Each structure stands twice: as C-alpha cells, then as structure tokens.
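The values are calculated or read from the model by the stated rules, or taken from the named source; none is laboratory data. Just so it is clear, the structure is predicted and the values come from calculations on it, not from any experiment. Every residue, glycine among them, receives a Cβ derived from its backbone with ideal geometry; neighbour counts consider all protein chains shown.
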Amino acid sequence: MHNAPVDLDSIAVFVKVVQAGSFSQAARLLGMPNTTVSAKVARLEKGLGVTLIRRTTRKLHVTPAGQAFFERCLRGLSEIATAQAELSAASAEPRGALRLTAPGDVAYSLLPGIASRYLRTYPQVRLEIIVANRLVDLVGEGVDLAIRGGELRDSTLIARRFITLEFGLWASRGYVARRGTPRSPAELASHDVIAFVRRSGQPIRMSDGRQHFELPTGGRLIVDDLETLRALVLKDNGIGVLPHFLTRQRAADRALVRVLPDWSWAAGALSFVYPNQPFVPTNVRAFIDVALASIDAGRN
C-alpha cells in the first residue's frame, strides 16, 4: 500500500495533541483554532492510512499504532529541536516567551527582583509568570520552567537546586516590645505562637545542632501559607516560623526580629524544574543563571 507523504507540521500537531491529552488544550498551546488542529490530525491519518486517535465526546484514546508513531515522532522532533538549538546557541541571545510557574510565597518575594533583572538583561524576551500552589503539568500546560520545593518524583523532569530552605523563628518589633523575647524553647509556651501547618501534615522540628523540639500545630491562629504567616507576624500577632528568603528585607529594616536564633529548621531546598530534553532552551538557561546570580548578590 502506498501512503501519501505527510508534512512535519501535522506530525508536530499530532504530538502536541497526545501530550496535552485533548484537541482543545493542544489548540490553546499551539495558538490554533480547534478545527485546524483536528483537520491536521485527520490529514495525517489519511496520509498514513492509519487511525492514530479515536475521538469520543469526552476524551481521546490513542490507538496502539498511534502510540508507537507518537513515541518515534517525539524522538525525531526532539532531535530536530536539538539540532536547531545547537546551531544558534553559541551566538544567540535569549528571545521569545518564557512561561514560568512558582508558588505564591516564592512569586511574591523572590521573583520580582529576578524577573526585573532578567528583562533588563535580555530585551528580546517576554516573561509570563503563573502563580500556582498546585503541581502544574509542565508539558501538558506548555510551561517551560517551574520553581518547586521537595523531592522530584517525575522522571520526565530535570531538577536543579536553587536555594536551601532554612527556617527560623521570627516576631515583629511590636510584639517583642509588648511581650518580650523567649530565652529558651520552653518559654514559647507563654507566648503566642502562630502555627504553620505543612501540607504533608508532618510536624516542624527545630534544632540547635544538638537538641530538637517540635513547634505546636494548634493554638488560636493556624495557617498553611507562608506569605500569610509573614503578614500575620508583621501585624504583631505572635511568633512564626519563616524561611530566610521571606524575612531578609524586613529583617534588614528591623521590622522583623529573629527569636531563639540558635534554633532553625532545615526544610530541603527550592529547585528549578523543567522538562527532560537533550538541549535546554536558551531562555530557560538564561533565567536560571540570572536567578542564581541574583541570589548570590543578595547574600553579599
């Protein structure tokens, strides 16, 4: 049987449909009308003489032949993208759109300075920041780069460490002036401690390198968002556990005071996460480099 030739654009559209899990989502990511995406896949199937995707009213099903074709095409498109990137990487300045996602506390505190420096350094780039505390599907939602905490569980992604997460106990100047400063963990019982509840449900264990104690998980004020916790501390509501990246500026202007400074909580790290691919896009590498340089500059 002689199959008609198929064009690379139709193959790329088919791959995006499978990755996105729907024609409508692929259309949004590609910036095409739904009808165009559907027509390109139908033309590809006609040219191959094979059904690649079975459509129903609610979802699509990739056929065994379609899955095998998808996997080979994905490798082929990856090779083409790598070849193009390698040709231009040496001399090309980052340009075009970078879609980045980060949780709220990171977006509010760290990203404004980094984003400003990135945009000033590379005038040909555009930056879209998606603030989300959920786990964003990078490939399915067309996101280039994420900032995440915790361990990487998806083998299709690459993680690069950004900053170490170290937490301390902090209070406002107003609270300390009114209630005093605890001199030992035992004295926290006579203070207002704002409980921070981790999404994992695990307790927070503070350490001075020799001993440990657990922060209370109950009380009059309980919160599960660090930015909200910082705002409550600044409003003189009590002592709270906060990461150093959220306290640096307010500690410098003396709005926040470190309490029990010998005690801290090591909570892992924030990492840059991006899809596993043979060649990292120039704008992704450039943003990471700018971010790391910004953090280093802030430490000095």
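Overview of results
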read-out: Which listed residue, of VAL241, VAL284, VAL273, is under 25 Å from the mean Cα position of the chain (by Cα), touching a residue at least 40 places away in the same chain (Cβ under 8 Å), within 19 Å of ASP105 (Cβ to Cβ) and in the same structural domain as ASP154 (by TED's automatic domain parsing); value: VAL273
read-out: Qualifying position, being hydrophobic (A, V, I, L, M, F, W, C), in a helix (DSSP H, G or I), closer than 15 Å to VAL139 by Cα and touching a residue at least 12 places away in the same chain (Cβ under 8 Å), among LEU44, LEU77; value: LEU77
read-out: Unmet criterion (only one of (1) surrounded by 12 or more Cβ atoms within 10 Å (Cβ to Cβ); (2) touching an Asp or Glu at 6+ places or on another chain (Cβ under 8 Å); (3) in contact (Cβ under 8 Å) with a residue 24 or more places away in the chain; (4) not hydroxyl-bearing (Ser, Thr, Tyr)) for ARG179; value: (3)
read-out: Residue satisfying all of: in the range 45-62; in contact with a Leu (Cβ under 8 Å, 6 or more places away or on another chain) and over 14 Å from GLN19 (Cα atoms); surrounded by the most Cβ atoms within 10 Å (Cβ to Cβ) among these; value: GLU45
read-out: Options ARG230, ARG248, ARG254; residue that is touching a strand residue (DSSP E or B) at 6+ places or on another chain (Cβ under 7 Å) and either at pLDDT 90 or above or farther than 15 Å from ALA195 by Cα (or both); value: ARG230
read-out: Any hit, the range 252-265, residues being outside any loop (DSSP other than H, G, I, E, B) and either without any contact (Cβ under 8 Å) to a residue 24 or more places away in the chain or in contact with an Asp or Glu (Cβ under 6 Å, 6 or more places away or on another chain) (or both); value: yes
